[in-house]
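Note sheet for the following structure.
Throughout, read-outs are computed from the coordinates displayed, never taken from laboratory work. This is a predicted model, so every value here is computed, not measured. Counting neighbours? That spans all protein chains shown, and the Cβs are built from the backbone with ideal geometry, glycine included.
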Amino acid sequence: MTMPNRQRGRGRGSLKIPSVQGLEGTALFYLGRYAASEASLRRVLQNRLQRAARANAAFAADEALQQKLREAIEAIVVKHRKSGVLNDAAFAEMKTTGMRRAGRSARVIRMKLGQKGVARAAVEQALNLAAEGDSDEAELQAALALARRKKLGPFRQKPAVVDQHRKDLATLARAGFSFDIAKRALASGE
């Protein structure tokens, strides 16, 4: 018999109660698929517990089992940190390099990595490594990359209309670039 309007096996009551081995498997699957920070792995595993508690009243009531699984989550995170699979500094460096190439400002990079749970010190170190000593030049290069990608200022193919310069400055400001960097990016345009 088929279940109407639902995928087979995806009903609310079909979610299994998590086990330590299941959480370890989830962690391995997640880390095999995505580059992750410690906080993001912890969040994925805790979400697994929360979904199971919403779907299963007996599990929601069993506080001792939930506490045991929360402790197992911390042990899993520590184990993967010690093995080198979880390395927030390397994660921040990789993400910073990619975001700089995509035209993201230092302000946006700090915000996004902060949301991922990466420590401020690791983010600052990654920004310094990506800038190779000259943070203003790195900001300018990121602003130019964004201007090129969005076809702003000198990268525009059609002639600019009257207020277009102000709009281009506003676009770069919303992307987190300072007024000075935005002006320099729109003025230079290689």
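Structural remarks
- Among Glu63, Glu137, Glu93: highest mean-square fluctuation, GNM of the chain, C-alpha pairs under 10 Å: Glu63
- Debye, to nearest 20: dipole size of the range 90-143, +1 on Lys, Arg Cβ, -1 on Asp, Glu Cβ: 440
- Listed values [x] 24; [y] 17; [z] 46, entry calculated as percent of Cα pairs over 29 Å apart: [z]
- Farthest towards the positive end of the charge dipole of the range 41-162, among the residues Leu86, Gln46, Val161, is the Cα of Val161, using unit charges on the Cβ of Lys, Arg, Asp and Glu.
- Each of Val162, Val78 has some number of other Cβ atoms within 10 Å of its Cβ, and from fewest to most they run Val162, Val78.
- Angle in degrees between helix 38-55 and the longest Cα principal axis of the chain, rounded to the nearest 10: 50
- Candidates Gln46, Gln141, Gln21, ranked by Gaussian network fluctuation over the chain, Cα under 10 Å, top entry: Gln21
- Placing unit charges on the Cβ atoms of the charged side chains and taking the dipole of the chain about its Cα centre, the candidate lying farthest along the positive direction among Ala131, Leu69, Ile17 is Ile17.
- Selected from Ala35, Ala143, Ala55 as most flexible by GNM, with the chain as the system and alpha-carbon contacts under 10 Å: Ala55
- Spatial offset of the range 137-190 relative to the range 36-112 amounts to 36 Å, using the alpha carbon center of each.
- Sorting Val118, Val44 by the number of Cβ atoms found within 10 Å of their own Cβ, with the fewest placed first, yields Val44, Val118.
- Applying the Karplus relation 6.51 cos²θ - 1.76 cosθ + 1.60 with θ = phi - 60° to the range 91-102 yields 3J(HN,Hα) values of 4, 4, 5, 5, 5, 5, 4, x, 5, 5, 4, 7 Hz, where x marks Gly and Pro.
- Every helix of 4 or more DSSP H residues in the chain counts as -39500 (n - 2.57), and over all residues that averages to -22000 deg cm²/dmol at 222 nm.
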